[in-house]
Amino acid sequence: MSTAATASAPNHTQPAVSVEHITVAYGAQVVIDDVSLTLPPAQIIGLIGPNGAGKTTLLKAIVGAQRVLKGQVRVLGQPINAVRQRVAYVPQRGDVDWSFPLSVLDVVLMGRYGRLGLWRRPGSHDRELALHALEQVRLVKRRSCQIGELSGGQQQRVFLARALVQEADLLLLDEPFNGIDTTTQSVIFDLLCAQRRLGRTVFLSTHDLHSVEQNCDQLVAFNRRVVAFGPVDQVFTGPVLHSTFGSNVAVVGEHQTLVIRQ
Amino acid sequence: MSGLFDPATFLLPLQQPFMQNALVAVVLVGLLCALIGTFVVLRGLAFVGEAMRHAIFVGVVLSFLLGGSLLGGALLVALLVAWLIGVLGRQQRIGEDTAIGVLFSASFALGIVLLNFARTGVRDLATMLLGNVLGIAPFDLALTAGVVVVALVIIGVFFKELVLVAFDPALALAQGRSVVVWDGLLLVLLALALTTAFQTVGNLLVLALLLAPATTARLLTRRIGPMIGVAMVVAVSSGIVGLYISYWRNVPTGPTIVLVCGAVFGITLLCAPEHGVMRNVARQWRLRRSVPPA
């Protein structure tokens, strides 16, 4: 990684994210109910919960893309507006229109827009970083393709590359493993582990329980509130999964889980 | 009438001042509609545009009744409407499209009722609905040119913001950009385009000029820059071709231009090399042949 990354090495003493008693509602419907959560730095933390649990809303609230009714969110020890450039956000792949007339490189360069501000355009330094990120996700040969020509897994890697060029200290990923191939999954986890080695924090939502069991340091079991939070072996237990997923999950044996319905 | 390959065929009509003005108007409006239409298509604002042109009609009628510049009056109302749509868009309880649909159809009706207060009602109604590019005033031509310059500058300067918000509003929000502000800017540009173009192709047909060239270009290109370029070529050439056809055959100009635009879109939809209907049919046919019968 570049020297800029080391220069802004994250402070290890303060939490990556600290959420205090936040409530989020769409109209009259409460989707996040009085949630408090403190995420330690330099770890990969999984956010698990059924569909409609409010995982996306929680990520958006942290990144400041969702208004919070009550409570306080601090990121890297500060209000989100002070640290936006140090936070990278990867929305769900299905949220955007992939037939959009953009090349792979165009999309990755969007990760630099935050640093460029209102008036500057991406320059050669930004292009270099973008190409480097595309190398990391093994898509540099496809940089000129229209994004719709890529497979689902490749599209997800483009999104990850876009987050990497931001050189952020906190990465928030919404369902990065939704409908992707196993190659992409291992490429993504390798890169996320590399980010962790740089002292960066990764917080990702998923309902693919197997991938998080193997690759995350800590888990947040979430369903409108925090059901459990801690090391994977403590959260990945029958009772916790039952109260998170309700009757949609059946637990077989001590550590074998079978999700019946999402 | 001289032959098609005789330069005089094209130059003679231009000796008349009204044709010169019309030609300039058609080129300017084509450039504007292609540029803004591209973003309208990419951001999915076709329905909002349709609603907005209904409302602009009231502005046109009002300024006609009060004797001001039609373009100036329409522009004021259009900006007001852009603001109103922005506000309505945030009221999530009423479906946005429902609210917009009701409000702006009603405003169109209001325009027609108001027009009854003018003595020459029916003929002016036809002009407003179908456009009158051959009678465009020099002041309106200058205003149109001004709007084109403004749109070019705004889109040139804020290109990356407009593209980002159209493609991935969630990332834009996460980067601390206000989607409401950038959508608002796009709505204002849309209002400018609709207002400026209504004299050329008329209030009824203006949306076609905004959407057809941009959609045609989308079928043919893979990046936004080329998409804008192709849309401009389609819009301007359709405008010029339509203008000449209407001069030679003595048919209304606005509808002719829109017909040419529509024809170009239709042909492209059928024949586009990558996304065309014929290409897709051929692909499926080949696929079916390659699968052995069960």
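The values are calculated or read from the model by the stated rules, or taken from the named source; none is laboratory data. It should be emphasised that the depicted structure is a prediction, and the values quoted were computed from it without experimental measurement. Please note: Cβ atoms are built from the backbone with ideal geometry, for glycine as well, and neighbour counts cover all protein chains shown. Calculation scope for accessible area: heavy atoms of the full protein, side chains included, ligands and nucleic acids excluded. Shrake-Rupley method; radii C 1.70, N 1.55, O 1.52, S 1.80 Å.
Amide H of A:LEU47: which non-local residues (sequence gap of 5 or more, or other chain) have their own amide H closer than 5 Å, using H built in the peptide plane?
So A:LEU47 has HN proximity to A:LEU204, A:SER205, A:THR206, A:VAL220.
Running a GNM on chain A with Cα contacts under 10 Å, which residue among A:THR244, A:THR13, A:THR184 ends up with the highest mean-square fluctuation?
A:THR13
Select from B:ALA34, B:VAL251, B:LEU62 the residue farthest towards the positive end of the dipole of chain B; place +1 on Cβ of Lys and Arg, -1 on Cβ of Asp and Glu, and compute about the Cα centre.
Working it through, the farthest residue towards the positive pole turns out to be B:ALA34.
If you count only protein heavy atoms with a 1.4 Å probe, what accessible area per residue comes out for chain A, rounded to a whole Å²?
Using a 1.4 Å probe on heavy atoms only, each residue of chain A averages 42 Å².
Just how many % of Cα pairs in segment B:2-290 lie over 23 Å apart, if you round to the nearest whole percent?
Distances greater than 23 Å cover 57 percent of the Cα pairs.
Comparing the chain by itself with all protein chains present, which residues of segment A:96-118 are at least 40 Å² less accessible (probe 1.4 Å)?
When all protein chains are present, A:VAL96, A:PHE100, A:PRO101, A:MET110, A:TYR113, A:LEU118 each give up 40 Å² or more of accessible surface.
Might you report the magnitude of the Cβ-based charge dipole of segment B:2-290 about its Cα centre, with Lys and Arg at +1 and Asp and Glu at -1, to the nearest 20 debye?
Value, rounded to 20: 880 debye.
Taking the Cα centre of chain A as origin, work out the dipole magnitude from +1 charges on Lys and Arg Cβ and -1 charges on Asp and Glu Cβ, in debye rounded to 20.
800
What percent does the relative contact order of segment B:2-290 come to when contacts are Cα pairs within less than 8 Å and at least six residues apart?
Numbers: 397 pairs, mean separation 78.8, N = 289.
Taking the mean separation of contacting Cα pairs over the length of segment B:2-290, I get 27 percent.
Summarise the accessible area of the protein assembly as shown (1.4 Å probe, protein heavy atoms) by the percent that is carbon and sulfur.
Carbon and sulfur atoms account for 61 percent of the accessible area of the protein assembly as shown.
Roughly how big is the protein assembly as shown's charge dipole about its Cα centre, with Cβ charges of +1 (Lys, Arg) and -1 (Asp, Glu), in debye to the nearest 20?
540
Hey, what number do you get for the protein assembly as shown at 222 nm if only DSSP H runs of n ≥ 4 count, each worth -39500 (n - 2.57), divided across all residues, to the nearest 500?
It lands at -18500 deg cm²/dmol.
Along the charge dipole of the protein assembly as shown, Cβ charges K/R +1 and D/E -1, which of B:VAL24, A:GLN146, B:GLY131 sits furthest on the positive end?
Value: B:VAL24.
Please compute the average number of Cβ atoms from other chains found within 10 Å of each residue's Cβ in peptide B:171-182. Please list the in-between numbers first.
Numbers: counts 16, 4, 7, 16, 15, 9, 4, 0, 1, 0, 0, 0.
Mean inter-chain Cβ contacts per residue within 10 Å come to 6.
Please report Rg over Rh for chain A, where both radii come from the alpha carbon positions and Rh follows the Kirkwood definition. Don't skip to the end; give the middle numbers.
Details: Rg = 18.2 Å, Rh = 18.9 Å.
Here the Rg-to-Rh quotient is 0.96.
Checking an interface number: how much accessible area is buried between A and B, summed over both chains, with a 1.4 Å probe, in Å² rounded to 100?
Buried area between the two chains comes out at roughly 2500 Å².
Would you mind telling me which residue in B:LEU125, B:LEU209, B:LEU71 has the biggest mean-square fluctuation in a Gaussian network model of chain B, where springs connect alpha carbons within a distance under 10 angstrom?
B:LEU125
Would you calculate the convex hull of the Cα atoms in the protein assembly as shown and tell me its volume per residue in Å³?
Convex hull of Cα atoms, per residue: 201 Å³.
In sequence order, what are the phi-derived ³J(HN,Hα) couplings for segment B:237-245 according to the Karplus relation 6.51 cos²θ - 1.76 cosθ + 1.60 with θ = phi - 60°, rounded to whole Hz, with x for glycine and proline?
Result, ordered by residue: 5, 4, x, 5, 4, x, 4, 5, 4 Hz.
Spelling out what I want: for every residue of segment A:236-247, take phi, set θ = phi - 60°, compute 6.51 cos²θ - 1.76 cosθ + 1.60 (Karplus), and round to whole Hz; glycine and proline get x.
Per-residue couplings from phi come out as 7, 10, x, x, 5, 5, 5, 6, 7, 9, x, 6 Hz.
What net charge is computed for the residues neighbouring B:HIS275, neighbours being all others with C-beta under 15 Å from the C-beta of B:HIS275, Lys and Arg scored +1, Asp and Glu -1?
+2
What average number of partner chain Cβ atoms lie no more than 10 Å from the Cβ of the residues making up B:129-141?
0
Using the per-residue mean of other Cβ atoms lying within 10 Å as a proxy for protection, in what order, highest first, do the peptides A:51-64, A:31-44, B:32-45 fall?
B:32-45, A:51-64, A:31-44
Quick one: compute the contact order of segment A:34-94, relative version, from alpha carbon pairs under 8 angstrom and 6+ residues apart, as a percent. Before the final figure, lay out each step's value.
Working: 25 pairs, mean separation 12.5, N = 61.
So the answer I get is 21 percent.
Per residue, how large is the accessible surface of segment B:2-290? Use a 1.4 angstrom probe and give square angstrom.
45
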